[in-house]
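This report refers to the structure that appears directly beneath it.
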Amino acid sequence: MFETLKYLVGSAGASGYGSKSTAEQVTENSYDLHSKTAIITGATSGIGAETARVLAKRGARLVLPARNLKAAEDARARILSENPDADIIVMGLDLSSLNSVRNFVSEFESLNLPLNLLIDFDPTRAYALSKLAIVLHTKEVAQRLKQMEANVTVNCVHPGVVRTRLTREREGMVTDIAFFLTSKLLKTIPQAAATTCYVATHSALVNATGKYFSDCNEASTSKLGSNSTEAARLWTASEIMVSRGSKAVFDPLTSALDYDHQKSSSNKRKE
Ligand SMILES: NC(=O)c1ccc[n+]([C@@H]2O[C@H](COP(=O)([O-])OP(=O)(O)OC[C@H]3O[C@@H](n4cnc5c(N)ncnc54)[C@H](OP(=O)(O)O)[C@@H]3O)[C@@H](O)[C@H]2O)c1
(Lines give C-alpha, C1' and ligand atoms only; values in the text may rest on other atoms or scores of the structure.)
Protein backbone atom coordinates (compact mmCIF):
# COMPACT_ATOMS: atom_id res chain seq x y z
CA MET A 1 0.00 0.00 0.00
CA PHE A 2 2.75 2.42 1.03
CA GLU A 3 4.75 1.45 -2.07
CA THR A 4 1.71 2.13 -4.31
CA LEU A 5 1.23 5.54 -2.71
CA LYS A 6 4.91 6.34 -3.18
CA TYR A 7 4.57 5.31 -6.82
CA LEU A 8 1.44 7.41 -7.40
CA VAL A 9 2.95 10.49 -5.76
CA GLY A 10 6.28 9.89 -7.52
CA SER A 11 8.25 10.46 -4.32
CA ALA A 12 12.01 10.17 -4.72
CA GLY A 13 13.86 7.10 -3.46
CA ALA A 14 17.47 6.79 -2.31
CA SER A 15 18.73 7.76 -5.76
CA GLY A 16 16.94 11.09 -5.62
CA TYR A 17 14.56 10.01 -8.41
CA GLY A 18 11.19 8.26 -8.50
CA SER A 19 8.42 7.00 -10.73
CA LYS A 20 7.68 10.42 -12.22
CA SER A 21 11.30 11.25 -13.11
CA THR A 22 11.93 11.49 -16.83
CA ALA A 23 14.88 10.27 -18.88
CA GLU A 24 16.00 13.86 -19.46
CA GLN A 25 15.89 14.66 -15.73
CA VAL A 26 17.91 11.62 -14.63
CA THR A 27 20.64 12.29 -17.21
CA GLU A 28 21.01 16.02 -16.53
CA ASN A 29 24.07 15.41 -14.33
CA SER A 30 25.29 12.20 -15.94
CA TYR A 31 28.96 11.67 -16.72
CA ASP A 32 30.14 12.90 -20.11
CA LEU A 33 28.79 10.63 -22.83
CA HIS A 34 30.68 12.22 -25.72
CA SER A 35 33.27 9.44 -25.92
CA LYS A 36 30.70 6.68 -25.42
CA THR A 37 29.12 4.35 -27.96
CA ALA A 38 25.71 2.90 -27.11
CA ILE A 39 23.99 0.08 -28.97
CA ILE A 40 20.24 0.45 -28.41
CA THR A 41 17.89 -2.21 -29.75
CA GLY A 42 14.19 -1.46 -30.16
CA ALA A 43 14.90 2.23 -30.77
CA THR A 44 12.31 2.63 -33.55
CA SER A 45 9.50 3.22 -31.06
CA GLY A 46 8.36 3.44 -27.46
CA ILE A 47 10.84 3.33 -24.59
CA GLY A 48 13.82 2.50 -26.82
CA ALA A 49 13.16 5.53 -29.05
CA GLU A 50 13.07 7.89 -26.06
CA THR A 51 16.20 6.30 -24.58
CA ALA A 52 18.01 6.83 -27.90
CA ARG A 53 16.83 10.44 -28.17
CA VAL A 54 18.00 11.33 -24.67
CA LEU A 55 21.37 9.56 -24.88
CA ALA A 56 22.04 11.32 -28.21
CA LYS A 57 21.12 14.61 -26.55
CA ARG A 58 23.73 13.86 -23.87
CA GLY A 59 26.36 13.25 -26.57
CA ALA A 60 26.57 9.47 -26.96
CA ARG A 61 27.28 7.93 -30.37
CA LEU A 62 24.35 5.61 -31.15
CA VAL A 63 24.25 2.33 -33.01
CA LEU A 64 20.62 1.48 -33.74
CA PRO A 65 20.12 -2.11 -34.87
CA ALA A 66 16.66 -2.79 -36.27
CA ARG A 67 14.74 -5.36 -38.28
CA ASN A 68 12.87 -2.56 -40.00
CA LEU A 69 15.57 -0.36 -41.53
CA LYS A 70 13.09 2.22 -42.80
CA ALA A 71 11.69 2.68 -39.26
CA ALA A 72 15.25 2.94 -37.92
CA GLU A 73 16.19 5.58 -40.54
CA ASP A 74 13.05 7.52 -39.53
CA ALA A 75 14.10 7.28 -35.87
CA ARG A 76 17.60 8.49 -36.83
CA ALA A 77 16.09 11.44 -38.75
CA ARG A 78 13.91 12.40 -35.77
CA ILE A 79 16.91 12.45 -33.43
CA LEU A 80 19.01 14.41 -35.96
CA SER A 81 16.27 17.00 -36.34
CA GLU A 82 16.65 17.74 -32.62
CA ASN A 83 20.43 17.17 -32.42
CA PRO A 84 22.01 17.77 -35.84
CA ASP A 85 25.48 16.79 -34.54
CA ALA A 86 24.38 13.38 -33.27
CA ASP A 87 26.41 10.45 -34.57
CA ILE A 88 23.94 7.65 -35.36
CA ILE A 89 24.60 4.42 -37.23
CA VAL A 90 21.68 2.25 -38.36
CA MET A 91 22.30 -1.47 -38.83
CA GLY A 92 20.18 -4.53 -39.61
CA LEU A 93 19.24 -6.93 -36.78
CA ASP A 94 16.33 -9.27 -36.19
CA LEU A 95 16.50 -10.28 -32.53
CA SER A 96 14.41 -13.37 -33.20
CA SER A 97 17.17 -14.87 -35.37
CA LEU A 98 20.49 -16.07 -33.94
CA ASN A 99 22.05 -15.83 -37.41
CA SER A 100 20.99 -12.23 -37.65
CA VAL A 101 22.48 -11.57 -34.19
CA ARG A 102 25.78 -13.18 -35.27
CA ASN A 103 25.86 -11.12 -38.49
CA PHE A 104 25.16 -7.96 -36.54
CA VAL A 105 27.98 -8.72 -34.08
CA SER A 106 30.53 -9.25 -36.85
CA GLU A 107 29.38 -6.11 -38.70
CA PHE A 108 29.61 -4.10 -35.49
CA GLU A 109 33.08 -5.48 -34.76
CA SER A 110 34.22 -4.45 -38.24
CA LEU A 111 33.41 -0.82 -37.33
CA ASN A 112 36.17 -0.92 -34.68
CA LEU A 113 34.10 1.12 -32.27
CA PRO A 114 34.18 0.72 -28.50
CA LEU A 115 31.03 -0.67 -26.90
CA ASN A 116 30.33 1.25 -23.71
CA LEU A 117 26.58 0.74 -23.34
CA LEU A 118 24.39 -2.07 -24.60
CA ILE A 119 20.72 -1.35 -24.04
CA ASP A 120 18.49 -4.16 -25.16
CA PHE A 121 14.73 -3.72 -25.59
CA ASP A 122 13.64 -7.10 -26.81
CA PRO A 123 9.90 -7.69 -26.60
CA THR A 124 8.94 -11.34 -26.89
CA ARG A 125 5.63 -13.08 -26.84
CA ALA A 126 6.26 -15.32 -23.80
CA TYR A 127 6.23 -12.13 -21.77
CA ALA A 128 6.53 -13.05 -18.08
CA LEU A 129 8.95 -15.92 -18.69
CA SER A 130 11.16 -13.76 -20.91
CA LYS A 131 11.35 -11.10 -18.19
CA LEU A 132 12.26 -13.70 -15.55
CA ALA A 133 14.93 -14.99 -17.95
CA ILE A 134 16.35 -11.47 -18.29
CA VAL A 135 16.61 -11.12 -14.50
CA LEU A 136 18.26 -14.54 -14.12
CA HIS A 137 20.62 -13.91 -17.04
CA THR A 138 21.65 -10.56 -15.63
CA LYS A 139 22.63 -12.19 -12.36
CA GLU A 140 24.57 -15.00 -14.02
CA VAL A 141 26.37 -12.76 -16.52
CA ALA A 142 27.29 -10.33 -13.74
CA GLN A 143 28.68 -13.19 -11.67
CA ARG A 144 30.74 -14.53 -14.57
CA LEU A 145 32.09 -11.10 -15.49
CA LYS A 146 33.13 -10.55 -11.86
CA GLN A 147 34.97 -13.89 -11.82
CA MET A 148 36.77 -12.89 -15.03
CA GLU A 149 37.63 -9.54 -13.42
CA ALA A 150 36.20 -7.89 -16.53
CA ASN A 151 35.53 -4.19 -16.25
CA VAL A 152 31.94 -4.66 -17.45
CA THR A 153 28.73 -4.24 -15.47
CA VAL A 154 25.30 -5.60 -16.35
CA ASN A 155 21.96 -4.66 -14.81
CA CYS A 156 18.29 -4.97 -15.70
CA VAL A 157 15.39 -2.59 -15.32
CA HIS A 158 11.63 -2.57 -15.11
CA PRO A 159 10.48 0.54 -17.01
CA GLY A 160 7.00 0.65 -15.48
CA VAL A 161 3.78 0.32 -17.46
CA VAL A 162 3.29 2.64 -20.42
CA ARG A 163 1.12 2.55 -23.51
CA THR A 164 3.37 1.93 -26.52
CA ARG A 165 3.19 -0.12 -29.72
CA LEU A 166 3.80 -3.17 -27.51
CA THR A 167 0.04 -3.75 -27.36
CA ARG A 168 -0.48 -3.16 -31.10
CA GLU A 169 -1.70 -6.71 -31.68
CA ARG A 170 -4.33 -6.33 -28.96
CA GLU A 171 -5.67 -2.90 -29.89
CA GLY A 172 -9.42 -2.45 -29.40
CA MET A 173 -12.07 -1.51 -26.87
CA VAL A 174 -10.94 -3.99 -24.19
CA THR A 175 -7.38 -2.68 -24.30
CA ASP A 176 -8.66 0.92 -24.29
CA ILE A 177 -10.78 0.18 -21.19
CA ALA A 178 -7.90 -1.59 -19.43
CA PHE A 179 -5.61 1.38 -20.04
CA PHE A 180 -8.36 3.81 -18.96
CA LEU A 181 -8.94 1.94 -15.68
CA THR A 182 -5.23 1.79 -14.92
CA SER A 183 -4.46 5.28 -16.20
CA LYS A 184 -3.32 6.57 -12.79
CA LEU A 185 -0.66 3.85 -12.72
CA LEU A 186 0.62 4.45 -16.24
CA LYS A 187 3.84 6.27 -16.98
CA THR A 188 4.56 8.55 -19.90
CA ILE A 189 7.23 7.36 -22.35
CA PRO A 190 9.83 9.88 -21.00
CA GLN A 191 9.14 8.53 -17.48
CA ALA A 192 9.36 4.92 -18.70
CA ALA A 193 12.76 5.58 -20.30
CA ALA A 194 14.09 7.14 -17.08
CA THR A 195 15.20 3.99 -15.23
CA THR A 196 17.16 2.72 -18.25
CA CYS A 197 18.85 6.09 -18.76
CA TYR A 198 19.56 6.42 -15.04
CA VAL A 199 21.21 3.00 -14.83
CA ALA A 200 23.14 3.57 -18.08
CA THR A 201 24.57 6.96 -17.19
CA HIS A 202 24.61 7.70 -13.48
CA SER A 203 28.05 7.92 -11.90
CA ALA A 204 26.75 6.46 -8.62
CA LEU A 205 26.23 3.15 -10.44
CA VAL A 206 29.59 2.74 -12.18
CA ASN A 207 30.32 -0.40 -10.17
CA ALA A 208 26.74 -1.65 -9.73
CA THR A 209 26.27 -5.03 -11.38
CA GLY A 210 23.79 -7.90 -11.30
CA LYS A 211 21.12 -5.57 -9.91
CA TYR A 212 17.48 -4.94 -10.73
CA PHE A 213 16.11 -1.40 -10.91
CA SER A 214 12.61 0.00 -10.92
CA ASP A 215 11.50 3.67 -10.78
CA CYS A 216 15.16 4.75 -10.90
CA ASN A 217 16.03 2.88 -7.70
CA GLU A 218 17.44 -0.54 -6.90
CA ALA A 219 14.61 -2.97 -6.17
CA SER A 220 14.16 -6.58 -5.07
CA THR A 221 13.33 -9.28 -7.58
CA SER A 222 10.89 -12.12 -7.02
CA LYS A 223 12.22 -15.15 -5.09
CA LEU A 224 12.61 -17.08 -8.34
CA GLY A 225 14.43 -14.15 -9.91
CA SER A 226 17.14 -14.34 -7.26
CA ASN A 227 17.64 -18.09 -7.49
CA SER A 228 21.27 -18.60 -8.52
CA THR A 229 20.74 -22.31 -9.32
CA GLU A 230 18.03 -21.40 -11.84
CA ALA A 231 20.27 -18.67 -13.25
CA ALA A 232 23.09 -21.20 -13.80
CA ARG A 233 20.69 -23.69 -15.42
CA LEU A 234 19.31 -21.04 -17.73
CA TRP A 235 22.87 -20.13 -18.71
CA THR A 236 23.65 -23.75 -19.59
CA ALA A 237 20.45 -24.05 -21.63
CA SER A 238 21.25 -20.81 -23.46
CA GLU A 239 24.81 -21.92 -24.22
CA ILE A 240 23.46 -25.13 -25.72
CA MET A 241 20.89 -23.30 -27.82
CA VAL A 242 23.40 -20.72 -29.03
CA SER A 243 26.04 -23.29 -29.93
CA ARG A 244 23.74 -25.97 -31.38
CA GLY A 245 20.73 -24.06 -32.62
CA SER A 246 17.36 -23.39 -31.03
CA LYS A 247 16.09 -26.90 -31.82
CA ALA A 248 18.56 -28.49 -29.38
CA VAL A 249 16.65 -30.01 -26.47
CA PHE A 250 17.63 -29.05 -22.94
CA ASP A 251 16.83 -31.52 -20.17
CA PRO A 252 16.01 -29.39 -17.11
CA LEU A 253 16.56 -32.37 -14.76
CA THR A 254 20.13 -33.04 -15.80
CA SER A 255 20.91 -29.54 -17.09
CA ALA A 256 22.32 -31.22 -20.17
CA LEU A 257 21.54 -31.64 -23.80
CA ASP A 258 19.05 -34.45 -24.30
CA TYR A 259 20.96 -36.53 -26.85
CA ASP A 260 18.50 -39.47 -26.58
CA HIS A 261 15.61 -37.19 -27.45
CA GLN A 262 17.61 -35.77 -30.34
CA LYS A 263 18.56 -39.24 -31.56
CA SER A 264 15.02 -40.55 -31.31
CA SER A 265 13.62 -37.51 -33.11
CA SER A 266 16.18 -37.81 -35.87
CA ASN A 267 15.45 -41.57 -36.14
CA LYS A 268 11.75 -40.76 -36.36
CA ARG A 269 12.48 -38.26 -39.10
CA LYS A 270 14.42 -40.94 -41.01
CA GLU A 271 11.57 -43.50 -40.70
N1 LIG B 1 5.39 -0.77 -22.44
C2 LIG B 1 5.39 -1.30 -21.23
O3 LIG B 1 4.47 -1.07 -20.43
C4 LIG B 1 6.52 -2.18 -20.79
C5 LIG B 1 6.49 -2.67 -19.47
C6 LIG B 1 7.53 -3.50 -19.05
C7 LIG B 1 8.54 -3.83 -19.94
N8 LIG B 1 8.53 -3.34 -21.22
C9 LIG B 1 9.63 -3.75 -22.11
O10 LIG B 1 10.27 -2.61 -22.66
C11 LIG B 1 10.79 -2.96 -23.95
C12 LIG B 1 10.36 -1.92 -24.98
O13 LIG B 1 8.95 -1.95 -25.07
P14 LIG B 1 8.05 -0.78 -25.68
O15 LIG B 1 6.88 -0.66 -24.80
O16 LIG B 1 8.88 0.42 -25.96
O17 LIG B 1 7.56 -1.49 -27.04
P18 LIG B 1 7.44 -1.03 -28.56
O19 LIG B 1 7.02 0.40 -28.68
O20 LIG B 1 6.61 -2.07 -29.19
O21 LIG B 1 8.94 -1.14 -29.10
C22 LIG B 1 9.51 -2.39 -29.33
C23 LIG B 1 10.77 -2.20 -30.17
O24 LIG B 1 11.40 -3.48 -30.34
C25 LIG B 1 11.62 -3.67 -31.73
N26 LIG B 1 11.56 -5.10 -32.05
C27 LIG B 1 10.52 -5.95 -31.84
N28 LIG B 1 10.85 -7.19 -32.27
C29 LIG B 1 12.10 -7.10 -32.79
C30 LIG B 1 12.98 -8.02 -33.40
N31 LIG B 1 12.65 -9.30 -33.60
N32 LIG B 1 14.21 -7.59 -33.82
C33 LIG B 1 14.57 -6.30 -33.65
N34 LIG B 1 13.78 -5.37 -33.07
C35 LIG B 1 12.56 -5.77 -32.65
C36 LIG B 1 10.51 -2.89 -32.43
O37 LIG B 1 10.93 -2.64 -33.75
P38 LIG B 1 9.94 -2.62 -35.04
O39 LIG B 1 9.91 -1.18 -35.46
O40 LIG B 1 10.63 -3.50 -36.03
O41 LIG B 1 8.61 -3.16 -34.58
C42 LIG B 1 10.46 -1.65 -31.56
O43 LIG B 1 11.51 -0.75 -31.89
C44 LIG B 1 10.28 -4.37 -24.24
O45 LIG B 1 11.30 -5.30 -23.91
C46 LIG B 1 9.11 -4.51 -23.32
O47 LIG B 1 8.87 -5.87 -23.02
C48 LIG B 1 7.55 -2.52 -21.66
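Of note:
A quick yes/no check of all residues on (1) at pLDDT 65 or above; (2) not small (G, A, S):
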{"position": "E171", "(1), (2)": "yes, yes"}
{"position": "A178", "(1), (2)": "yes, no"}
{"position": "S183", "(1), (2)": "yes, no"}
{"position": "S214", "(1), (2)": "yes, no"}
{"position": "S220", "(1), (2)": "yes, no"}
{"position": "K270", "(1), (2)": "no, yes"}
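- S220 vs. criteria of a type in the set (S, T, N, Q), without any contact (Cβ under 8 Å) to a residue 40 or more places away in the chain and touching a helix residue (DSSP H, G or I) at 6+ places or on another chain (Cβ under 8 Å): yes
- Elements of type helices (runs of 4 or more DSSP H) contained in region 32-123, each with 3 or more residues being surrounded by 15 or more Cβ atoms within 10 Å (Cβ to Cβ) and away from the ligand (no atom under 14 Å from the Cβ): 46-57
Results for (1) more than 19 Å from the chain's Cα centre (by Cα); (2) farther than 25 Å from G10 by Cα; (3) within 15 Å of the ligand (Cβ to nearest atom), shown as yes or no for each residue.
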position: V152; (1), (2), (3): no, yes, no
position: C156; (1), (2), (3): no, no, yes
position: G160; (1), (2), (3): no, no, yes
position: E171; (1), (2), (3): yes, yes, yes
position: F179; (1), (2), (3): yes, no, yes
position: S183; (1), (2), (3): yes, no, yes
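- Any hit, region 233-242, residues being in a loop (DSSP other than H, G, I, E, B) and either surrounded by 13 or more Cβ atoms within 10 Å (Cβ to Cβ) or free of Cβ contacts under 8 Å to residues at least 60 places away in the same chain (or both): no
To keep it simple, each residue is scored yes or no on (1) more than 21 Å from P190 (Cβ to Cβ); (2) touching a residue at least 60 places away in the same chain (Cβ under 8 Å).
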{"site": "A23", "(1), (2)": "no, yes"}
{"site": "T37", "(1), (2)": "yes, yes"}
{"site": "P65", "(1), (2)": "yes, no"}
{"site": "R102", "(1), (2)": "yes, no"}
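- Conditions (1) within 16 Å of the ligand (Cβ to nearest atom); (2) without any contact (Cβ under 8 Å) to a residue 12 or more places away in the chain; (3) within 22 Å of R67 (Cα to Cα): number failed by L129: (3)
- Residues satisfying the stated conditions in region 14-31, i.e. out of contact with any Cys (no Cβ under 7 Å at 6 or more places or on another chain) and not in a helix (DSSP H, G or I): A14, G16, S19, K20, T22, E28, N29, S30, Y31
- If you filter region 22-31 down to residues that are more than 16 Å from the ligand (Cβ to nearest atom) and β-branched (V, I, T), you find that the one that is surrounded by the fewest Cβ atoms within 10 Å (Cβ to Cβ) is T27.
- Look at (1) more than 18 Å from the chain's Cα centre (by Cα); (2) within 18 Å of Q191 (Cβ to Cβ); (3) within 11 Å of the ligand (Cβ to nearest atom) and you find that S19 fails only one, number (3).
The values are calculated or read from the model by the stated rules, or taken from the named source; none is laboratory data. Because the structure is a prediction, the values reported are computed rather than measured. So basically every Cβ, Gly included, is an ideal-geometry build from the backbone, and we count neighbours across all protein chains shown.
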